[in-house]
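S.K.: Before I ask anything, let me first share the structure, which is written out below as structure tokens.
The values are calculated or read from the model by the stated rules, or taken from the named source; none is laboratory data. As the structure is a computational prediction, the values presented were derived from the model and not from experiment. Backbone-built Cβ (ideal geometry, glycine too); neighbour counts: all protein chains shown. Note: accessible area is taken over every heavy atom of the protein model, side chains too, but ligands, DNA and RNA are not part of it. Shrake-Rupley method; radii C 1.70, N 1.55, O 1.52, S 1.80 Å.
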Amino acid sequence: MRVWLSQHQDAARLALRRLAAAPVNSLLSLLAIGIALALPAGGQMLLANALHLSGTTSAVPQISIFMAANAERQAATEIGERLGRHTGVKQVLFVPREETLARMKSGPGLREVIEALPANPFPDAFVVSVADESLAAMEQLAVEFRQWPKIEHVQLDSAWVRRLDALLKLGRTTVMLLAALLGTGLIAISFSIIRMQVLTHRSEIEVSRLLGATNGFIQRPFLYFGVLLGLGGGVLAWLLVAAAALWLRAPLAELARLYDLTLALQTLGARDSALLLGFAAGLGWLGAMISMRQHMQQY
């Protein structure tokens, strides 16, 4: 066991020395891998932030019913009772106009405008949860509710959440496709780099073969070289994504402040960071393995 560990330590040290022996080539290779990996990693970061944003909203399909502005409270009570008896309605939440007025006054920038109005401009409203959450059933209920007396407007809530969910699914598929394409390219990059390493140390490999070295012993430093190359590119990609998140955080916070929102761009989490580094190291190892399998047949 000690001999096996010692061999792997020696192979890792040799791979590090080979990386340090050509700093310019190593840096350019790391930049190519890091920038390529930063694209899907940045997409995953944006998806994670979008998922966090959608997670703070209610994705339960609902229907908002707004009474006419001149409707009296008795009319709202009758509509509430009628909604409670409806077979397609699961739950009804009544939102009085006074509550809406108080909530809007608490928001910055609206208090002075609302106080300047002669009367409460907000109507009574109902938030309805339906039994059948299919889009066709909800649209049919909305058409029915619009025909009831003293109802001014009926709106299908959470429709935008469904659109956002569809966009997130499309974005997730796009990121996976981009990662697959760039991953294939990174395997080709690792293959080419390891190939150059093999050609550079060809005489060394031939001498080792004459001395009775096994294929595993000869391949081991090159495999470590590929893993270190991929891992270094993954670290560089993480740094690029983190720098982009920090750079965009201030403009995004300013934009959120103008729309009275609470948004903060978060960088890659621990799980996504570990996946990125593992993915990069695996690609480097795979490219090195393919290259070594091809070249070892020549010796």
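S.K.: Calculate, in nm to one decimal, what A48 and L167 gain on full extension: separation in residues at 0.36 nm each, minus their alpha carbon distance.
M.R.: Taking A48 through L167 to full extension adds about 41.5 nm, to one decimal.
S.K.: For K150, go through the lysines and keep the ones whose alpha-carbon is under 27 Å away, minus same-chain ones fewer than eight residues off.
M.R.: Qualifying lysines at Cα under 27 Å: K90, K105.
S.K.: Ranking request for peptides 64-70, 265-271, 224-230: highest mean number of other beta-carbon atoms within 10 Å first, then the rest in descending order.
M.R.: 224-230, 64-70, 265-271
S.K.: Contour minus end-to-end for V24 and R82, with contour as 0.36 nm per residue of separation and end-to-end as the Cα-Cα distance?
M.R.: 13.2 nm
S.K.: Pulled fully out, how much extra length does the chain show between N70 and L31, if you take 0.36 nm times their separation in residues and subtract their Cα-Cα distance?
M.R.: Details: separation 39, 0.36 × 39 = 14.04 nm, distance 6.61 nm.
Roughly 7.4 nm would be gained on extension.
S.K.: With every protein chain in place, what's the accessible area of K90 (1.4 Å probe, Å², nearest 10)?
M.R.: Number for this one is 130 Å².
S.K.: Classify segment 117-228 as rounded, prolate or oblate, taking a ≥ b ≥ c as the square roots of the eigenvalues of its Cα gyration tensor: rounded when a/c is under 1.5, otherwise prolate if a/b is larger than b/c and oblate if not.
M.R.: Since a/c reaches 1.5 and a/b is larger than b/c, the shape of segment 117-228 is classed as prolate.
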